[in-house]
There are 2 protein chains.
Amino acid sequence: MSSIEKVLSRIDSNLDDSLGRLFDLLKIKSISTDPAFKAPCREAAEWLAKELTAIGIEASVRDTSGHPMVVGHRKSGKPGPHVLFYGHYDVQPVDPLELWHQDPFEPSLKTKEDGTKIIVARGAADDKGQLMTFVEAARAFIEETGDLPIDVSILFEGEEESGSPSLHPFLEANKEELSCDLALVCDTGMWDPETPAISVMLRGMVGDEIIVKAASRDLHSGSYGGSAQNPNHIVASIIAGLHDENGKITLPGFYDGVIEVPEDVMAMWNTLGFSVEEFLGEVGLKYPRGENDRTPLEHLWTRPTVEVNGMWGGYQGAGSKTVIPAEAHAKFTFRLVGDQDPDKIQEAFRNYVKSKIPEDCSVEFIAKEGSPALRLDFAMPVLEKGKTALKAEWGKDAALVGMGGSIPIVGDFKRMLGMDSMMIGFGLEDDQIHSPNEKYNLTSFHKGIRSWARVLDELAK
Amino acid sequence: MSSIEKVLSRIDSNLDDSLGRLFDLLKIKSISTDPAFKAPCREAAEWLAKELTAIGIEASVRDTSGHPMVVGHRKSGKPGPHVLFYGHYDVQPVDPLELWHQDPFEPSLKTKEDGTKIIVARGAADDKGQLMTFVEAARAFIEETGDLPIDVSILFEGEEESGSPSLHPFLEANKEELSCDLALVCDTGMWDPETPAISVMLRGMVGDEIIVKAASRDLHSGSYGGSAQNPNHIVASIIAGLHDENGKITLPGFYDGVIEVPEDVMAMWNTLGFSVEEFLGEVGLKYPRGENDRTPLEHLWTRPTVEVNGMWGGYQGAGSKTVIPAEAHAKFTFRLVGDQDPDKIQEAFRNYVKSKIPEDCSVEFIAKEGSPALRLDFAMPVLEKGKTALKAEWGKDAALVGMGGSIPIVGDFKRMLGMDSMMIGFGLEDDQIHSPNEKYNLTSFHKGIRSWARVLDELAK
């Protein structure tokens, strides 16, 4: 048996233990966006540092002004690229809790009707399950061969789900320590349960929250209805005016910097057999929304969008309350592509919102830091090694795909540390990340560990 | 001293005790719209029945399928009209609780900077303070003269703030017992702190709640944004499309049955010195919204409106969550005037909403029972007696006004029991009913009690 085959065999026989460790991590309620969960975030970081140290990767918890980072190294000047593996230990909030079929922080292994084994918990797929695939691959390599085949550093973040406020200062302050030859980022998905993928195109993002204020207090809609401004109506008209009848976004200059995809790339995508009926059918929908002159894969990967992630104003309880609220709220996120400038988009959005505010009302904005979109070089040499490793594990060519969601870290690695990222992950469309009953297939976890072992082995060649 | 003067004098000297009894009632958390407060609603009914019985009005708590009614009588075939006094013991929810400067159910007597004494508590003005003005007037009359000057019946309801679902069956089942010569309804306000008012025109109301459903679960806005329907955007476009650029409501047939106010009535209203700057300025606004070819008093009393009392969908917590929610909600109320038909308005609204729902989405409606608008005869003979009594107490002619809010009971008394209503109340514009820090002026309470004593006295003449 070659050494990689021994490593793979050890991964197989250690799977139950690997799963037990993942469950321990999933039990920690590391919701980064909610200040109430500050302590569990630190607990997750400490758990990871201890785990890395135990397997021979020198690791420590590093304080920031927010949730801490975990940084680890095992390097001895070996030939081959020195890689930095990135993942995040924080998770999304769990509401609406009543739609979960179990406690989100009591992970369980379940078997679906079709026999698929799934790991159910908040963070199972995003991103604890994914980051543990690398940790377990590293463990098996060291246990079996006494070392890793290349030099490895690790960065685990705890604020990915809440805008990564501490990331820039941390990268800036630790530039030398964290600058490697290549980043390996594990926060993406497979093309389908049989086809691995490497993501080469990421949308950017910019967000804003608005608070529209009218009267100085809640009003009785019988006494003031028709006369006083109603913030619910103002917010609704702001949202409704963002798209025209063809699904185009109406902000002036919004499409500046949007780049059309080259024909050969579109041709490759057309071979992927993407079915919008299946994609939407899986979530109970049928017809693609959005710009009506674009294909669904364009909507997803190469076209900018705006979505209202939350809106609220007035009475939400049972029964009725005849009130005109003093204020109403909405949270917006824009997905950006090509060379769209997050700052200019935010400025155009704010000017638009202000133009819709009546003279005796006001608006406040709460910004979410933006990040521009990112495209990787299709000819990047390490991509070939990644593809070889994934094909060996999955028996199919890896798809080179775009990503609808943004992974700002990839842009930061490029811009701040001068480092390209190879984005490989094992999530699936139906993982319900950010939703109740999030899951990660046991196959994703098991073959994900094996995939990373193969990637490390290939990179050493 | 005439007997009415002795009664008034007793009211003055008993004011502290009257206030103590009102505080006892205000402490009971009788929020009718929230099922969690079922027990306190019954407690309020029982407290009132006991109180009435103690002062010599034979009263009982009557079960319904919802919150109970309180019915009382003191009648002996005296000359003069037999009146039915109506009030409601239920109150609005108290959210947002954090904006209250005190516990909403721990009433307090406070002195404002200008020296005005106010009673602060949920229900102080709407309607516990108001109904107690009549109870205390009756108490003083009986204590001082041994009887009431005319036959009196009483009906206290516990579901006024939640659509009065039990009222129709109760009136139907107790038609004979409750049919009197005249209803006295105390749920309205003064024209201003010096000028009493009798309300002669009431808007009707019809309400609807919509639940727009799209995907079968919450979606990640990075993965599905631009492709999948977002219920927040659908609800926003429904709300935004309800008004045109002139403030007119766009539903087909909506203005059918709207009646223009006769010129002489408009002329009388113009003498009231209504200031839209003051009306809106008091709540921090400046410019009237609504149909831009109508006066503000028309907006308030004689024009139909639609207001969104609540809307919500997606994430409302701290920070951001990149989600497309599975559903979004909105609560609507229409104020109706003239002969507008609540059922037809609801039908037009629902057809409009359905026309805005994409083919792969759905909508559910939760109806709120409607009531048409109501106009009283300006020449109703008892109006003159009411005006005389109020002028004697306040030293100023009572204004005959319209009402923006609806008081469906007045329509029910008319249609089901064939009984006209004289609507007299002592609330003020700044009472913050349905809002945090609801209050009732001590003057409203004190002179309100005196006013009812005078009204009873006048009606006996």
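The values are calculated or read from the model by the stated rules, or taken from the named source; none is laboratory data. Since the model is a prediction, treat every value here as computed from it, not as a measurement. FYI the Cβ positions are ideal-geometry reconstructions off the backbone, even for glycines, and counts take in every protein chain you see.
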Count of the stretch A:428-441 residues which are in a strand (DSSP E or B) and either at the interface with chain B (Cβ under 10 Å from one of its Cβ atoms) or surrounded by fewer than 21 Cβ atoms within 10 Å (Cβ to Cβ) (or both) = 0
Is it true that A:Lys213 is of a type in the set (Lys, Arg), surrounded by 15 or more Cβ atoms within 10 Å (Cβ to Cβ) and facing chain B (nearest Cβ under 10 Å)?
-> yes
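Is it the case that A:Ala392 is more than 7 Å from chain B (Cβ to nearest Cβ), modelled with pLDDT of 95 or more and under 30 Å from B:Ala367 (Cα atoms)?
No; evaluated as a whole, the condition is false for this residue.
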Considering the stretch B:216-241 alone, what residues qualify as being assigned to a helix (DSSP H, G or I), in contact (Cβ under 8 Å) with a residue 24 or more places away in the chain and of a type in the set (Ser, Thr, Tyr)?
-> B:Ser221, B:Tyr224, B:Ser237
Would you say A:His233 is in contact with a strand residue (DSSP E or B) (Cβ under 7 Å, 6 or more places away or on another chain), farther than 30 Å from B:Gly402 by Cβ and buried (at least 17 other Cβ atoms within 10 Å of the Cβ)?
-> no
Selection count where residues are over 12 Å from A:Leu336 (Cβ atoms), among the aliphatic types (A, V, I, L, M) and part of a strand (DSSP E or B), scope the stretch A:202-215 = 3
B:Asp360 passes all but one of (1) within 12 Å of chain A (Cβ to nearest Cβ); (2) assigned to a strand (DSSP E or B); (3) within 30 Å of A:Pro288 (Cα to Cα); which number fails?
-> (2)
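Give B:Ser237, B:Ser179 a once-over and let me know the one that is assigned by TED's automatic domain parsing to the domain that holds B:Phe365 and small (Gly, Ala, Ser). Even if it seems obvious, please write down each step before you answer.
On the way: B:Ser179 fails: assigned by TED's automatic domain parsing to the domain that holds B:Phe365.
Going through B:Ser237, B:Ser179 in turn, just one is assigned by TED's automatic domain parsing to the domain that holds B:Phe365 and small (Gly, Ala, Ser): B:Ser237.
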Between a first residue in the stretch A:312-331 that is facing chain B (nearest Cβ under 7 Å) and a second residue that is basic (Lys, Arg), which pairs have beta carbons less than 7 Å apart while being 6 or more apart in sequence or on different chains?
-> A:Tyr315/A:Lys321; A:Tyr315/B:Lys331; A:Ser320/B:Lys331; A:Ser320/B:Lys368
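So, of the residues in the stretch A:186-196 that are assigned to a strand (DSSP E or B) and more than 13 Å from chain B (Cβ to nearest Cβ), which turns out to be nearest to A:Trp394 (Cα to Cα)?
A:Thr195
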Within the stretch A:395-417, the residues that are within 29 Å of A:Leu8 (Cα to Cα) and more than 14 Å from chain B (Cβ to nearest Cβ) are A:Gly395, A:Lys396, A:Asp397, A:Ala398, A:Ala399, A:Leu400
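Is it fair to say B:Val276 is in contact with a Leu (Cβ under 8 Å, 6 or more places away or on another chain) and more than 7 Å from chain A (Cβ to nearest Cβ)?
No: the conditions fail for B:Val276.
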A:Pro104 being within 30 Å of A:Ser153 (Cα to Cα) and either touching a residue at least 24 places away in the same chain (Cβ under 8 Å) or in contact with a His (Cβ under 6 Å, 6 or more places away or on another chain) (or both) = no
Residue in the stretch A:22-37 that is under 20 Å from A:Thr133 (Cα atoms), touching a strand residue (DSSP E or B) at 6+ places or on another chain (Cβ under 9 Å) and surrounded by fewer than 19 Cβ atoms within 10 Å (Cβ to Cβ) present = yes
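Can you give me the number of residues within the stretch A:406-425 that are over 13 Å from the mean Cα position of the chain (by Cα) and at negative phi?
Qualifying residue count, the stretch A:406-425: 11.
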Among the residues of the stretch B:373-382, is there at least one that is touching a Gly at 6+ places or on another chain (Cβ under 7 Å) and modelled with pLDDT under 90?
-> yes
Residue check, A:Val410 against (1) assigned by TED's automatic domain parsing to the domain that holds A:Leu84; (2) of a type outside the set (Phe, Trp, Tyr); (3) touching a helix residue (DSSP H, G or I) at 6+ places or on another chain (Cβ under 9 Å); (4) assigned to a helix (DSSP H, G or I), all met but one. Which one?
-> (3)
So which residues in the stretch B:414-427 are assigned to a loop (DSSP other than H, G, I, E, B) and either outside the structural domain of B:Lys175 (by TED's automatic domain parsing) or more than 30 Å from A:Ala326 (Cβ to Cβ) (or both), if there are any at all?
-> B:Gly418, B:Met419, B:Asp420
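Please go through the stretch B:269-312 and pick out each residue that is among the aliphatic types (A, V, I, L, M) and farther than 18 Å from A:Asp360 by Cβ. Outline the logic, then answer.
Initial filter on the stretch B:269-312 (among the aliphatic types (A, V, I, L, M)): B:272, B:276, B:280, B:283, B:285, B:297, B:300, B:306, B:308, B:311.
Answer for the stretch B:269-312, where residues must be among the aliphatic types (A, V, I, L, M) and farther than 18 Å from A:Asp360 by Cβ: B:Leu272, B:Leu297, B:Val306, B:Val308, B:Met311.
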Read through the list (1) under 24 Å from B:Ile210 (Cβ atoms); (2) within 8 Å of chain A (Cβ to nearest Cβ), then give the number of the only condition that B:Lys248 fails.
-> (2)
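In the stretch A:345-357, what count of residues is obtained for those that are more than 13 Å from chain B (Cβ to nearest Cβ) and more than 13 Å from A:Asp208 (Cβ to Cβ)?
So the answer is 1.
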Matching option when the condition is closer than 16 Å to B:Leu374 by Cβ and either in the same structural domain as B:Ile366 (by TED's automatic domain parsing) or surrounded by 24 or more Cβ atoms within 10 Å (Cβ to Cβ) (or both), among B:Met205, B:Met190 | B:Met205
